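The values are calculated or read from the model by the stated rules, or taken from the named source; none is laboratory data. These numbers were taken from a predicted model, which means no experiment stands behind them. Glycine also receives a Cβ, built like all others from the backbone with ideal geometry; neighbour counts cover every protein chain displayed. Surface accessibility is based on the protein's heavy atoms, side chains included, excluding ligands, DNA and RNA. Shrake-Rupley method; radii C 1.70, N 1.55, O 1.52, S 1.80 Å.
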Amino acid sequence: MPDDMMENVTKRQHWLRIFFTLLFMVALYVTGIVLLVVVIAQALFSLFSGADNPNLRRLGASLSEYVSQVLAYATYNSDHRPFPFSAFPAQDNDNREDL
């Protein structure tokens with residue numbers, strides 16, 4: 001094994017990155033389940049009330065941004081660790097595209 005490869009394999013920062021990536025992949029799985037519940041709840045609100053629920057819409061937007069942050073970190077497109085190592089993404093703006 002070349003010396004530089006051995007040095008890379010033994011660096012703590014690489015192993016920490018892999019460990020955090022695995023943790024974020026578990027968080028991504030849980031987030032997917034929560035998003036499924038939000039989608040179903042939003043569909044039911046829409047069916048029964050004729051309109052979506054703004055609170056669920058904001059939650060869905062925040063969770064979507066969180067998923068984006070996790071994927072950027074896991075694919076090495078970002079060194080920024082997502083929640084819980086930074087603030088949870090907040091979506092206060094109503095940036096919905098009406099159909």
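For the stretch 1-84, the helices (runs of 4 or more DSSP H) that sit wholly inside it and include 2 or more residues that are in contact with a Leu (Cβ under 8 Å, 6 or more places away or on another chain) and touching a residue at least 40 places away in the same chain (Cβ under 8 Å) are 54-74.
Restricting Leu63, Leu36 to residues that are buried (at least 16 other Cβ atoms within 10 Å of the Cβ) and over 30 Å from Met5 (Cβ atoms) narrows the list to Leu63.
Across the stretch 11-68, the qualifying residues are those that are closer than 14 Å to Phe88 by Cβ and among the aromatic types (Phe, Trp, Tyr), and the one among them that is nearest to the chain's Cα centre (by Cα) is Tyr66.
Return yes when Gln91 is polar (S, T, N, Q) and modelled with pLDDT under 95 and no when it is not. Answer is yes for this residue. Applying the selection to the stretch 39-54, what residues are open to solvent by less than 80 Å² (accessible area, probe 1.4 Å) and under 24 Å from Ser68 (Cβ atoms)? Once the filter is applied, which keeps residues that are open to solvent by less than 80 Å² (accessible area, probe 1.4 Å) and under 24 Å from Ser68 (Cβ atoms), the stretch 39-54 yields Ala41, Gln42, Ala43, Asp52, Asn53, Pro54.
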